[in-house]
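Data first, discussion second: the structure below is written as structure tokens.
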Amino acid sequence: MNFIGSHILSVTQFDRAAIDRVFEVADRMSPYANRQKVTRVLEGCILGNMFFEPSTRTRVSFGCAFNLLGGEVRETTEIKTSALAKGESFYDTARVLSGYSDVIVMRHRIEGSVDEFASASRVPVLNGGDGSNEHPSQALLDLYTIKKELAGHGKSIDGLRIALIGDLRNGRAVHSLCRLLGLYQDVHFTLISPPELSLGPEYIAGLQAAGHEVVRSEKMHAGISHADILYVTRTQEERFPSQAEADRYKGLFRLNQSIYTEYCEPNTVIMHPLPRDSRDNANELDNDLNENPNLAIFRQTDNGVLIRMALFALILDVADQVDDTARDVNWYTAKRF
Ligand code: CP
């Protein structure tokens, strides 16, 4: 895969060598993300961080990653403050914004919208999430987290046993992650969801064709035993025709410390792309798991900065220049990591 100047629209662009390259550069970003060193390698460079659907971590961590490389960020946070609300097309919007930026991240609720936007853009575009379709940078940070968590237990992604739980039909993070995991060997997937929210048959067929074992279940307790990773997801209520319909599925799968202790093997890692729905009628990952050392959700969000820095460095062809302008930080830095 040639990263330089490329759009990142789908995880189908990646093979294992490309993933390894992203992870190798991400590892090298650690002193900058940890606020031990500062680099100015992207000084003068501008990111257009165009989010037309709600986001906390993807938008802010893409912006943070770009700032940490020395670049500047311009952003939109919703449709109603952009000219899309006046009927402007993706074509015109992309032509305009790509005149103001060196690289663009875009999120929109319509599947395929980022591809359409990218085809008119004059600069590289990264998919920050298009409807229920794909979320490539989330899947890369999830895979990076899985690799690191498993390494701590002497395991690798090949042979992984993962249970994916919740709204697997609408979860774009799940879709992209399953495709990436499909590139590895002998992954055992347990898909836990109500039948109406099951993973699309095209994803299951792809995994089975690649030789992976796929088991489906409507019951969480049996499905989470013998898993290395639990990947819990939120009911994607914004994809449902009505709130009442989404509410039918809320709270179906609730994981708390007592269930974890009873059913999971020691050191089973708990992941979630976040946001977790912590309202009483959902509470999919209980707060009593917050002190569980195997709860990796905030290691995922921290890893997102490393992965997004790596993507920018590779696309803008500065991966091997980051250290050239490095200096130690001169301010107090809290120990975040
Ligand atoms: N995981 C994720 O995409 O979170 P945000 O919606 O907050 O960006």
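The values are calculated or read from the model by the stated rules, or taken from the named source; none is laboratory data. Predicted model, so just to flag it, every value in this text is computed and none were measured. Please note: Cβ atoms are built from the backbone with ideal geometry, for glycine as well, and neighbour counts cover all protein chains shown. Just the protein is used for accessible areas: all its heavy atoms, side chains included, with ligands, DNA and RNA removed. Shrake-Rupley method; radii C 1.70, N 1.55, O 1.52, S 1.80 Å.
Miscellaneous remarks
- Index of the failed condition, ILE270 passing every other in (1) over 23 Å from the mean Cα position of the chain (by Cα); (2) outside any helix (DSSP H, G or I): (1)
- Residue match in the stretch 117-129 (condition: open to solvent by 40 Å² or more (accessible area, probe 1.4 Å) and more than 20 Å from ILE229 (Cβ to Cβ)): yes
- Some residue of the stretch 292-311 being at positive phi and not hydroxyl-bearing (Ser, Thr, Tyr): no
- Verdict on ARG169 being closer than 30 Å to SER113 by Cα and charged (D, E, K, R): yes
- Residues of the stretch 179-195 that are assigned to a helix (DSSP H, G or I) and either over 12 Å from the mean Cα position of the chain (by Cα) or within 20 Å of SER225 (Cβ to Cβ) (or both): ARG179, LEU181, PRO195.
- Total residues in the stretch 91-106, condition open to solvent by 60 Å² or more (accessible area, probe 1.4 Å) and either polar (S, T, N, Q) or closer than 17 Å to GLY71 by Cα (or both): 2
- Every residue from the stretch 238-252 that is open to solvent by 30 Å² or more (accessible area, probe 1.4 Å) and in contact (Cβ under 8 Å) with a residue 24 or more places away in the chain: GLU238, ARG239, ASP247, LEU252
- Residue match in the stretch 46-64 (condition: part of a loop (DSSP other than H, G, I, E, B) and exposed (fewer than 15 other Cβ atoms within 10 Å of the Cβ)): yes
- Meets criteria (assigned by TED's automatic domain parsing to the domain that holds VAL123 and within 16 Å of the ligand (Cβ to nearest atom)) for THR81: no
- Selection within the stretch 46-71 - touching a strand residue (DSSP E or B) at 6+ places or on another chain (Cβ under 7 Å) and more than 16 Å from the ligand (Cβ to nearest atom): ILE46, GLY48, ASN67, GLY71
Residue-wise test of (1) polar (S, T, N, Q); (2) in contact with a Pro (Cβ under 6 Å, 6 or more places away or on another chain); (3) touching a residue at least 60 places away in the same chain (Cβ under 8 Å).
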{"position": "SER98", "(1), (2), (3)": "yes, no, no"}
{"position": "ILE104", "(1), (2), (3)": "no, no, no"}
{"position": "VAL114", "(1), (2), (3)": "no, no, yes"}
{"position": "THR145", "(1), (2), (3)": "yes, no, yes"}
{"position": "TYR184", "(1), (2), (3)": "no, no, yes"}
{"position": "PHE189", "(1), (2), (3)": "no, no, no"}
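- Just one of the listed residues (ARG327, ARG276, ARG299) is within 16 Å of the ligand (Cβ to nearest atom) and either open to solvent by 80 Å² or more (accessible area, probe 1.4 Å) or assigned by TED's automatic domain parsing to the domain that holds SER101 (or both), namely ARG299.
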